[in-house]
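Asker: Submitted below is the structure of interest, expressed as structure tokens.
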Amino acid sequence: MTEVFIYTDGSARSTGGPGGWAALLIAADGRRKEISGSVRYTNHNRMEVYAAVQALRSLNRPCRVNLWGDSEYLIKNMAEGRVERWSKFGWVSKSGATPNADIWQLLLIEAHSHEVSFAWLKGHKSIKTIADEEERQHYLNNHRCDELAGQAAQKANEGMFTFIDDPYEQLMRYKPQAEEHRSGRRATGAIYLV
């Protein structure tokens, strides 16, 4: 089974605003591939998870994946099995519906095609303070992903987004109709998604 190292990051300008995601994929033989994209309406946590979805989706065969990221939201929820538990219990917990269940579902689908381990890196750690060369390389790769995700979010902020299929965006596009529906008022020809 091919071994791949993946580094991911996500960025969002504001909750419910433009965002970007990025991933750096490195094959065992040293080949590197950078991917990134942007979404018009999203949030930071969604972009963190979406980066992992897109990275795994870009692999053309089952692989042994070491996925590194600075998002505790992504890494700890996957590494500690929380996402699998949420799935098992219908995306509901004692505190209610699981936030971002739609994107977690996409990640589980992609992750099940591979052998994936998740490892956390402290975000924005100074490279100068790292003596160990292997650890230094992990952080250099993480910084590169941070840069790519920031650039993608900036493009979205400027109106140049690569993805408009994010489920959150779909909801935002029809938010006036959804609000109208919740209030009991209906407009002729309105589309109701909620």
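Asker: Among the numbered conditions (1) modelled with pLDDT of 95 or more; (2) touching an Asp or Glu at 6+ places or on another chain (Cβ under 7 Å); (3) not hydrophobic (A, V, I, L, M, F, W, C), tell me where Arg57 comes up short.
Answerer: (1)
Asker: For the stretch 146-166, enumerate the residues that are at pLDDT 65 or above, part of a loop (DSSP other than H, G, I, E, B) and either under 22 Å from Ser126 (Cβ atoms) or open to solvent by less than 80 Å² (accessible area, probe 1.4 Å) (or both).
Answerer: Answer for the stretch 146-166, where residues must be at pLDDT 65 or above, part of a loop (DSSP other than H, G, I, E, B) and either under 22 Å from Ser126 (Cβ atoms) or open to solvent by less than 80 Å² (accessible area, probe 1.4 Å) (or both): Gly159, Phe161.
Asker: Further, regarding this structure: What is the one condition in (1) exposed (fewer than 12 other Cβ atoms within 10 Å of the Cβ); (2) within 18 Å of Lys76 (Cα to Cα) that Lys128 does not satisfy?
Answerer: The number of the failed condition is (2).
Asker: Determine whether Glu84 is open to solvent by 50 Å² or more (accessible area, probe 1.4 Å) and either in contact with a Lys or Arg (Cβ under 7 Å, 6 or more places away or on another chain) or assigned to a helix (DSSP H, G or I) (or both).
Answerer: Details: open to solvent by 50 Å² or more (accessible area, probe 1.4 Å): yes; either in contact with a Lys or Arg (Cβ under 7 Å, 6 or more places away or on another chain) or assigned to a helix (DSSP H, G or I) (or both): yes.
So Glu84 fits the description; yes.
Asker: State which residue pairs qualify: first residue in contact (Cβ under 8 Å) with a residue 60 or more places away in the chain and inside the stretch 47-63, second residue among the aromatic types (Phe, Trp, Tyr) and crowded, with 24+ Cβ neighbours inside 10 Å in any location, beta carbons under 6 Å apart, and separation of 6 or more residues or different chains.
Answerer: Here the result reads Met47/Trp21; Tyr50/Trp21; Ala51/Trp21, each pair linking the stretch 47-63 to a residue that is among the aromatic types (Phe, Trp, Tyr) and crowded, with 24+ Cβ neighbours inside 10 Å.
Asker: Also: Filter the stretch 19-46 down to residues that are touching a residue at least 60 places away in the same chain (Cβ under 8 Å) and of a type in the set (Val, Ile, Thr) and give me whichever is nearest to Met160 (Cα to Cα). I'd like the intermediate steps shown before the answer.
Answerer: First, the residues of the stretch 19-46 that are touching a residue at least 60 places away in the same chain (Cβ under 8 Å): 19-24, 26, 34, 36-43, 46.
Filter again for of a type in the set (Val, Ile, Thr), leaving 26, 39, 42.
Values: Ile26: 27, Val39: 9, Thr42: 14 Å.
Restricting to residues being touching a residue at least 60 places away in the same chain (Cβ under 8 Å) and of a type in the set (Val, Ile, Thr), the top hit is Val39.
Asker: Now, a different point. Write out, first by first residue and then by second, each pair whose Cβ atoms fall under 7 Å of each other, whose residues are 6+ apart or on separate chains, and whose first residue, in the stretch 100-112, is under 13 Å from Leu59 (Cα atoms) while the second is surrounded by fewer than 19 Cβ atoms within 10 Å (Cβ to Cβ).
Answerer: The qualifying pairs are Glu110/Arg57.
Asker: Strands (runs of 3 or more DSSP E) wholly in the stretch 1-71 with at least 3 residues that are of a type outside the set (Gly, Ala, Ser) and open to solvent by 60 Å² or more (accessible area, probe 1.4 Å) - which ones?
Answerer: Fully inside the stretch 1-71 and qualifying: 32-42.
The values are calculated or read from the model by the stated rules, or taken from the named source; none is laboratory data. None of the values given here were measured: they were computed from a predicted structure. Please note: Cβ atoms are built from the backbone with ideal geometry, for glycine as well, and neighbour counts cover all protein chains shown. We work out accessible area using only protein heavy atoms, side chains counted, and drop any ligands, DNA or RNA first. Shrake-Rupley method; radii C 1.70, N 1.55, O 1.52, S 1.80 Å.
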